[in-house]
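Let me begin by presenting the structure, written as structure tokens, before commenting on it.
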Amino acid sequence: MIDISWLTANPSNLVDMLVSALGIYIALLVCTRLAGLRSFSKMSSFDFAITVAFGSIMASTLLAKSPALITGVAGLVTLFLVQSATAFARRKSYRIERLVGNEPMVLMAGPELLAENLNSARVTVDDIRGKLRQAGVTHRDQVRAVIMESTGDISVLTKDSPMEAWLLDHVRDGDKVLAAERKND
């Protein structure tokens, strides 16, 4: 005979889980309202890690006997407070921004691939080709820059319109993009 006991649940356990789900959901809504939508953004790898931690705390609270609902709520509140404090500190200090966030870097300046940065970012030439195709680039001469953002996303800037140098502030090798622009003018 096949043992199907793993498919069943004790009714009191189901009630506990439902109450925990409702409680942790309400706590998440309240914290999100207080901290703002940035709580779930992926502006940096730190934000992404915090979002994963939120999910882990919620899952643990729902599915395990321990932590209890109150412990899960305390964990969520703590993470929201840490994230808010870190976001505040990042706005006030570029040093903290650099410590917590990743520095964006140029992977392609004009039509030239920057091999050292590709290696540093662990990005292949095929990855770049794919991003160029997604951006509608049909020839490398259309490219102003390809940048690996602090979130891990790759941005493609084309030569369709003029670009402010300000966009390249705090981007590793942003000066190479400007140099490529001057060289082609």
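We did not get these values from a lab; they are worked out from the coordinates using the rules stated. Keep in mind that this is a model prediction, so the values were computed, not measured. No Cβ is skipped: glycine too gets one built from the backbone with ideal geometry, and neighbour counts run over all protein chains shown.
Express the relative contact order of the chain as a whole percentage, based on alpha carbon pairs under 8 Å and six or more residues apart in sequence.
Normalised by residue count, the contact order of the chain is 19 percent.
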Worksheet item: Rounded to the nearest whole Å³, what is the per residue volume of the convex hull around the Cα atoms of region 55-127?
Response: 142
Worksheet, complete the sentence: For region 5-99, inverting the pair-averaged 1/r of distinct alpha-carbon atoms gives a Kirkwood value in Å of 14.6
Practice prompt. Indicate the helices, whole DSSP H runs only, in the chain that combine a mean Kyte-Doolittle hydropathy of 1.0 or more with a Cα extent along their long axis of 18 angstrom or more.
Written response: 11-35, 45-63, 69-92
Worksheet item: Of the trypsin sites (Lys or Arg not before Pro) in region 23-107, which ones lie in a loop per DSSP and count no more than 11 other C-beta atoms within 10 Å?
Response: LYS65
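With r defined as the distance between the Cβ atoms of ALA135 and PHE88 and R0 fixed at 41 Å, what FRET efficiency is calculated, to the nearest 0.05?
0.75
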Fill in: Fraction of beta bridges assigned by DSSP in the chain that are antiparallel (%, nearest 5)
90
Fill in: Rounded D (µm²/s) - region 105-184, Kirkwood Rh over Cα pairs, Stokes-Einstein at 4 °C, 1.567 mPa s
104
Practice prompt. Report the label-to-label distance for LYS183 and LEU34 in nanometres (one decimal), using points 7 Å from each Cα along the Cα→Cβ vector.
Written response: 5.3
Worksheet, complete the sentence: Within region 85-183, DSSP-loop GluC sites (Glu not before Pro) with at most 14 other C-beta atoms within 10 Å are GLU164
Fill in: Distance histogram for the chain (every C-alpha pair counted, 5 angstrom bins, percent rounded to whole numbers)
1, 7, 13, 13, 12, 10, 9, 9, 8, 7, 5, 3, 2, 1, 0, 0
Practice prompt. May I ask which residue of TYR94, LEU157, THR138 lies farthest towards the positive end of the charge dipole of the chain, with charges of +1 (Lys, Arg) and -1 (Asp, Glu) on Cβ and the Cα centre as origin?
Written response: TYR94
